[in-house]
Structure formats: C-alpha cells, structure tokens
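Structure, as structure tokens:
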There are 2 protein chains.
Amino acid sequence: MDNAVSMDESPDVPRVATGESSLDRAVRVLEAFTPDRPELGVTEVARRAGLHVATASRIVARLADHGLLERTPDRRVRIGVRMWELAARASPTRSLRDAAMPYLEDLHAVVGHHAQLAVRDGDDVLFVERLSARDAVVNFSRIAGRLPVHVSSSGVVLLAHAPAEVQERVLARPLERLTAATVSSPAQLRALLAQVRRQGWALLPGFVHADATGVAVPVRDGLGEVVAALSVIVPNDDRAASAVPVLLAAARGIGRSLPVVARP
Amino acid sequence: MDNAVSMDESPDVPRVATGESSLDRAVRVLEAFTPDRPELGVTEVARRAGLHVATASRIVARLADHGLLERTPDRRVRIGVRMWELAARASPTRSLRDAAMPYLEDLHAVVGHHAQLAVRDGDDVLFVERLSARDAVVNFSRIAGRLPVHVSSSGVVLLAHAPAEVQERVLARPLERLTAATVSSPAQLRALLAQVRRQGWALLPGFVHADATGVAVPVRDGLGEVVAALSVIVPNDDRAASAVPVLLAAARGIGRSLPVVARP
C-alpha cells in the first residue's frame, strides 16, 4: 500500500471535478455484496467492483462512516443495518408487502412449502417476500433474489400482464432454460402468456427445478392493474392444481387491502 | 432555474476535487425519504437534505440512473427497488431473519396481535421483522422503525445484555418518556435491567402506549451471546404474562437455527 496515492484512481473511471464518479463507484462497491458473499475483504471488494484496492478502501471507509457498510470483527466488510433501514423504511414495495403478509401467512399455513410474493423489475421477477416451511420442496428463488421473467410461474404471470413492449422485448431475446421443461421458444412463450391471461393463473411443473411446481396468480390493485404475483412452490405431482383456488382467494384479499392510490 | 449553475453548490458543503462530497450528499438525499413521506418532489428532497434544488436535482438524477431512486408517474421520487434489493440480498440481519421467521409465524399464530424481532443499533432498537394481526392492539413500532432502547420491552432486553459502556451511555442521557409508565430515572432503569437479566424476560405494561404491553425475551446465538430480542405486543391486561413461556421456547428454537459463526 506504499503507492496508495498513485493507485488511487482506476484508469477506466476518470476523476471529474464535479465528483459524480464517487457516487458511481460507491454503487459498484455496494453491488459487490451478494447473498452468497455477504462479507468481503477490501481486496475482494476491489476485485468485484473493478476498482484499485486503495480506491475501494477509501470508498468502503466513507460508506462505513455513513453506516451503509459495517466492519466485521475479523476486519471484513458487509452491508450495514443503516443501508437496510434506509431501503426498507421507505421501500416502494412496503405497502404491498404489508397488505400481503397476513394472506401470505394464511396461504403458507394451508398449503405449506413456499409461499411468495413477487414484482416485475424490467425483464426480471424480483421476490419481495417468502415464507418457507422447514421441510419444504426445493426452491431456487429467495427474498431480494431475481429470476428471468419467463422461467417461473410468478414471472410468467407478471409478463402475461406486462405492457406489450415488455413482452416483445422478452420474446425477442434468447430464452434461458433451467430445466428441460422451461419454455424456450418465443411461440411457446406467446401461447403460454395467452393461456395464463385466459385462465387467470400459471401452473408450471418442473420449469425451475424438476422436483417442484410453481403455481402463481396475479394480484390486482383497486384499478384492476396487476401489481404483483402471489405464488406457491409445491412438489411436482398431481396435487399442485389444488392450490389455485386458495391462491385466487388470497390474491383478492391482498388487492382489497392495498392502499387506494389515485393515478395522475 | 435560470441560475442553476450558480445555485449548484450548497455553501456548507464545499465541493472538493476528490469528489467525496457527492457520496455524502447522496446519503443525505436517501435519508430524506421516510415511512411517512416515501414519495417526495425534488424541491422537498432539497429542503429535507439541506441542499440547493439544482444540486438535489442532479443527485436525484444520478441515483435514478443507478435505480436507487425511482420516478413516480406524477414526477415525484421514491426509493427504488434496486436500493431495496442491494440492501436486502446481503443484509447482515438476513440469516437472523431467515432463522426466526418460522418461529415468528408460530408465535404469531398462537399469541396473535404483533410478534416482532429486533436488534440493537447504537442506542436504538431497530425492528427487523413484524407479523401483525388485522385486529391487533395498537403498536408504535414498524419494520425498519426505531425506538430509543429504554422505552420498549425489546429495547430493554437488548440493553440489559449490551456492553457496560452502552448501558452507562444510555443511563447518562435524558430518558424520553412516551407514557406515564415509561421508565424515566437512571436508578429505575438500572433496577429494571438487573431484573430483566435475572428473570430472563421483560414485561412492560403501558411503557410505549397505555393500551399495550410489550413482552420480550433475548435470542442467543450458539456462543450464548444475545443477538436479538423476540417480542409480542398484546393488550395491557393480566393475561400478558402468559406469553412468556411461548416466547422463551421460540427464542431457543431461533438460537438453534442460527448459522454457527466462528468468532475470531
């Protein structure tokens, strides 16, 4: 670290007098932490963020001053509770999650396994809440985890009700397969979206994992717009369809509990 | 906005060539959003963050580029789902919350009202999870909400097991009262902390609201250290104490479910 000063800038991130790039770099540092690697040494932060160690070290120190990062007893770094607090206390999904939670609990108590709530963010489905039983079937999603929108039952429900330009964008891209059952051609996906809109729910056996079936329904707000997907992940057998009525009832309850928002 | 360039800097925040202050200002902008005001116009962001409108507008634009803020259809601004995702996916309270959730669900199903999980952050208690019944008794805490550590049952449990210097710091400060029952003298608080350590739980009738009683127990990790408080908020009547055994049992279950971490 003798040459910390000369190492202080990454060549691909010019330092500008307006100072904008310190924010950009801070975001890259925050993005280095993942569910699999929630604690990192500064060298690893630097590598993942594409920054020199001295730069990463300086930004980590600033973020730690603000409580957005925390140092662990063994001198590694993790996301700070202040970061979680700032994000969670005014989160856009907060009122959705608050409205859904009692219904998600009831659904989980009745169906077991995994009950989850998801929203669409761009071409991904983002899981905002999940309740899991200790002996539940395998599930690849997790809270604050993402999946491409075409692979899971929640994603397919959200895509089926997304604006046409979002559907066309997803249909125009290569469709990644997770299992032999995952929908993989645009024609197949287009037919699936039409079917999901028509029947009001998606049941996708083995699309994400061969042993599991996702069953999802749309959650509509007071204006009838689809704002989320409610789903259960259950074993891939012929009882999965029995989850549809309880999901539909819970989704109606959540919709009624959502705060009424006037659209401009 | 004709003079946007000359307004571009707040006099109390000198622009420095190292660009550090753009990160500091970004944090102040993020802190402007609260549960009561999750959506703000840029002028309001500037006022709350103590920045000129043009500066706030520029920082809001950068944060929106990164998805940390989002624009609403009526041109206001709110915390973005990307901010929530970054904070939640690697949150330090994630493994605690994951371990606690099944027990919190069981507790909530049995006791009703509010079941909650909290950690200490400095001199505050921070609520990381809460399950609430629709007809539950009044509760002032909320997820990602804070209370001074001496007023609630969760806070008193966490303070009772905090390092001595934290206890002395809190005891040396004015003790804010929320009701006539809130502990308000250092001697009273010192006696309460000793009692809570001795009996293993806190039962505080009417400390936060006259109609409610908080009952809290410590959650210990595999090394016996108190890492969280588990609590229920129930009506302020003589049945509140019956929640103690189920709380103690649930806290033991959570402790066993926590990932084992080696301390350096």
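The values are calculated or read from the model by the stated rules, or taken from the named source; none is laboratory data. Because the structure is a prediction, the values reported are computed rather than measured. Cβ sites come from the backbone with ideal geometry, for glycine too, and all protein chains shown count toward neighbours. For the accessible areas, the whole protein counts, side chains as well, though only heavy atoms, and no ligand, DNA or RNA atoms are used. Shrake-Rupley method; radii C 1.70, N 1.55, O 1.52, S 1.80 Å.
Percent relative contact order of region B:52-172, based on C-alpha pairs within less than 8 angstrom and at least six residues apart?
Normalised by residue count, the contact order of region B:52-172 is 14 percent.
Rounded to the nearest percent, how much of the accessible area of region A:91-257 (1.4 Å probe, protein heavy atoms only) is carbon and sulfur?
The value for region A:91-257 is 53 percent carbon and sulfur by accessible area.
Rounded to the nearest whole Å², what accessible area per residue is found for chain B with the 1.4 Å probe?
Result: 43 Å² of accessible area for each residue.
Report ³J(HN,Hα) in whole Hz for each residue of region B:198-213, in order, from the Karplus equation J = 6.51 cos²θ - 1.76 cosθ + 1.60 where θ = phi - 60°; Gly and Pro get x.
Karplus values, whole Hz, x for Gly and Pro: 5, 8, x, 7, 10, 10, 10, x, x, 5, 9, 8, 4, 8, 10, 10.
From the backbone phi of region A:45-50, what are the Karplus-calculated ³J(HN,Hα) couplings (6.51 cos²θ - 1.76 cosθ + 1.60, θ = phi - 60°) in whole Hz, Gly and Pro given as x?
Calculated HN-Hα couplings, in order: 4, 4, 4, 5, 8, x Hz.
Which of the GluC sites (Glu not before Pro) found in region A:158-207 are loop residues per DSSP with 16 or fewer other Cβ atoms within 10 Å of their Cβ?
Answer by residue number: A:176.
Let me have the relative contact order for region A:22-87, percent, based on Cα pairs under 8 Å that are six or more residues apart.
Taking the mean separation of contacting Cα pairs over the length of region A:22-87, I get 30 percent.
Need one number: nm distance between label points at residue B:241 and residue A:176, each 7 Å from Cα along Cα→Cβ, rounded to one decimal.
It works out to 5.7 nm between the two label points.
Short version: which residues of region B:130-150 lose at least 30 Å² of accessible area, all chains versus chain alone, 1.4 Å probe?
Residues of region B:130-150 that lose at least 30 Å² of accessible area once the other chains are added: B:131, B:134, B:143, B:144, B:146.
What number, in percent, do you get for the relative contact order of chain B if the mean sequence gap of Cα pairs under 8 Å and at least 6 apart is divided by its residue count?
Computed value for chain B: 14 percent relative contact order.
To the nearest 10 degrees, how steeply does helix B:244-257 sit against the main Cα axis of chain B, on a 0 to 90 scale?
60 degrees
I need the shape label for region B:91-257. Rule: rounded when a/c is under 1.5, else prolate if a/b > b/c, else oblate, with a, b, c from the alpha carbon gyration tensor.
The shape class here is oblate.
Residue B:31 label points, 7 Å along Cα→Cβ, one per copy: pairwise distances from this copy to the rest in nm, shortest first?
Result for residue B:31, in nm, nearest copy first: 2.6.
Treating the point 7 Å from Cα along Cα-beta-carbon as the label, what are the nm separations from residue A:184 to the other copies, to one decimal?
Sorted ascending, the copy-to-copy spacings read 7.2 nm.
Could you give me D for the protein assembly as shown, from Stokes-Einstein at 4 °C and 1.567 mPa s, where the hydrodynamic radius is the Kirkwood radius over C-alpha pairs? Units µm² s⁻¹, please.
52 µm²/s
Please report the antiparallel percentage of the DSSP beta bridges confined to region A:91-257, to the nearest 5.
That works out to approximately 100 percent antiparallel.
Provide an ascending nm list, one decimal, of label-point separations from residue A:168 to the equivalent residue in each further copy; define each label point as 7 Å from Cα along Cα→Cβ.
7.0
What are the trypsin sites (Lys or Arg not before Pro) within region A:74-114 that DSSP puts in a loop, where the Cβ has at most 11 other Cβ atoms within 10 Å?
Those satisfying the criteria are A:75.
Taking the Kirkwood radius as the inverse of the mean 1/r across Cα pairs, report the Rg/Rh of region A:76-167.
We get a ratio of 1.00 for region A:76-167.
How far is helix A:94-111 tilted, in degrees, relative to the longest principal axis of the Cα atoms in chain A, given as a value from 0 to 90 rounded to the nearest 10?
50 degrees
Would you work out which of A:80, A:118, A:38 lies farthest towards the positive end of the dipole of chain A, given +1 charges on the beta-carbon of Lys and Arg and -1 on that of Asp and Glu, about the Cα centre?
The residue sitting most towards the positive pole is A:118.
Please report, in debye to the nearest 20, how large the charge dipole of chain B is about its Cα centre when each Lys and Arg carries +1 at its beta carbon and each Asp and Glu carries -1 there.
Roughly 340 debye for chain B.
Sort out for me the Cα centre separation of region A:103-135 from region A:31-99, rounded to whole Å.
Answer, in whole Å: 25.
Relative to 2.2 N^0.38 Å, what does the C-alpha radius of gyration of region A:22-87 come to as a ratio? Two decimals please.
0.97
Could you list which residues have their amide H under 5 Å from that of residue B:39, counting only those 5 or more apart in sequence or on another chain, with H placed in the peptide plane?
It is none; the list stays empty.
Chains B and A: what accessible area do they bury, summed, in square angstrom to the nearest 100, with a 1.4 Å probe?
When B and A are taken together, about 5700 Å² of accessible area is lost.
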